[in-house]
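Scroll down for the structure; my scribbles are underneath it.
The values are calculated or read from the model by the stated rules, or taken from the named source; none is laboratory data. Quick caveat, the model's predicted, so the values are computed rather than measured. Neighbour counts are summed over all protein chains in view; Cβ atoms, including those assigned to glycine, are modelled from backbone coordinates with ideal geometry. What goes into the accessible areas is simple: the full protein's heavy atoms, side chains included, and nothing from ligands, DNA or RNA. Shrake-Rupley method; radii C 1.70, N 1.55, O 1.52, S 1.80 Å.
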Amino acid sequence: MILSIESSCDDSAIAITDIKTKRLLFHKKISQELEHSVYGGVVPELAARLHAEALPRILEECEPYFKDLKAVAVTSTPGLAVTLVEGVTMAKAIAVALDIPLIGVNHLVGHIYSLFIEKETQFPLTTLLVSGGHTQVMEVKSLEEIETVAKSMDDSFGESFDKVAKMMGLGYPGGPLIQELAKDGDRKKHNFTIPLSQSPLIAFSYSGLKNAVRLAIEKADSKADYRDIAASFEHIATAHLTQKLKKYFKNVKPESFAIVGGASANLYLRGKIEELLEPHGANLLLSELKYCSDNAAMIGRVGVEMYEKKIFTPLWELNSSPKSNL
Ligand code: KG4
Ligand code: ZN
């Protein structure tokens, strides 16, 4: 079995995965949403302190599995420097105590493998990752052949939902709150400009849209106004993704397409991507809703692949690194 740890942002999670069957035997996550909600976003120092409390508490529950552990996998990049180190330090301690190898996992690869928890992998795959930290399209051929073909130049898709929710005083995380508010709003009420629509670049940008929404919020004076702003924002934020993907599909025909990451839970986005894929006859892969957001099960699933390939990192070489090479 492999024990895996995730602490890249505001979720403390540990999982146990069976190496042979890839079955998830244990998974527990303690989220910090409530604690960060009052600040309208994640406060890194607070997050680190909460991980230091939560991770040992979850680890205690894993004790019955200790004797069967063959490796420990941990998210080592990308993420918040001060929170990554909490998981990495714990993983090192476990590796020393049990004399087992250490596996450093890229969190973005983890999101891709969230599609395959308790399942075999299915590649090649064009993948859209939409989370709080990233918005990028990756061509995935295998564990070791992942190429990023488009990414955001500034804010991410999920982050823009968080910021709009913060400006409306709704709380954190903004994604589910904006989705709920947008449900009954008029998506055509505010004619926000689709970012980079005149640019031939296949890249994303959310900072301009965020500012346009800020101006609309400043003029709003009723709950109904907020609903329409949320609906129009969700519509344009999604149209930006589909417009760029449509352009990308002119050159690269998708066979299988996946949406992963916390914001892949967005139902409006799911619907629009389904519409986009229909004429291409490409199938859409999605993670189970509970594994869209950060979790340790996806890290364990990558851990299994890396264990089979004997991709281990010596204790003194495993560093936590805020920036990913993907
Ligand atoms: O993958 P994740 O849990 O953490 C990162 O790796 O960043 O993603 C969290 C992000 C947050 O920005 C959150 O607001 C967004 O995913 N999110 C959503 C939805 N649910 C979560 N964004 C839009 N619509 C949603 N339904
Ligand atoms: Zn994530």
*asked:* Leaving out ligands and nucleic acids, and using a 1.4 Å probe, what accessible area per residue does segment 1-73 come to in Å²?
replied: 46
*Ignoring ligands, DNA and RNA, what percent of the accessible area of segment 125-286 is carbon or sulfur (1.4 Å)?*
50
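When only Cα pairs under 8 Å and 6 or more residues apart are kept, what is the percent relative contact order across segment 125-286? Present the calculation step by step, with values, prior to reporting the outcome.
On the way: 294 pairs, mean separation 43.6, N = 162.
Averaging sequence separation for qualifying contacts and normalising by length gives 27 percent for segment 125-286.
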*Return the long-range amide H neighbours of V260 (sequence gap of 5 or more, or a different chain), with a cut-off of under 5 Å between placed amide H atoms.*
L128, L129, V130
*asked:* Looking at the chain only, what percent of DSSP beta bridges run antiparallel? Nearest 5 please.
replied: 55
_Based on alpha-carbon centroids, what's the gap between segment 124-162 and segment 48-90 in Å, whole number please?_
25
_If you fit an axis through the alpha-carbon atoms of helix 267-277 and take the longest principal axis of the Cα set of the chain, what angle between them do you get, 0 to 90°, nearest 10?_
80
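Whole number in Å², please: accessible area per residue of segment 125-286, 1.4 Å probe, ligands, DNA and RNA not counted. Intermediate values should be presented prior to the final figure.
Values: 7240 Å² over 162 residues.
Ligands and nucleic acids excluded, the figure is 45 Å² per residue.
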*Hey, got the dipole for the chain? About the Cα centre, +1 on K and R Cβ, -1 on D and E Cβ, debye to the nearest 20?*
720
*Here are some pairs, K92/K310; K151/K253; K92/K323; K166/K323; K119/K272; which of them have Cα atoms lying more than 23 Å apart in this structure?*
K166/K323; K119/K272
*Using θ = phi - 60° and the Karplus curve 6.51 cos²θ - 1.76 cosθ + 1.60, what whole-Hz ³J(HN,Hα) does each residue of segment 139-148 get, with Gly and Pro shown as x?*
8, 10, 9, 6, 3, 9, 10, 10, 10, 7
*Considering only protein heavy atoms and a 1.4 Å probe, what is the carbon-and-sulfur percentage of the accessible area of segment 14-124?*
55
*Loop-only check: which chymotrypsin sites (Phe, Trp or Tyr not before Pro) in segment 3-108 are DSSP coil with at most 14 other Cβ within 10 angstrom?*
Y39
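So what is the calculated 222 nm ellipticity per residue for the chain, using -39500 (n - 2.57) for each DSSP H run with n of 4 or more, over all residues, to the nearest 500 deg cm²/dmol?
Rounded to the nearest 500, the figure is -13000 deg cm²/dmol.
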*Between segment 285-318 and segment 237-257, what is the C-alpha centre distance in whole Å?*
27
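Could you work out the relative contact order of the chain, using alpha carbon pairs under 8 angstrom and six or more residues apart, expressed as a whole percent? Numbers along the way, then the final one.
Values: 696 pairs, mean separation 80.9, N = 326.
Relative contact order comes out at 25 percent.
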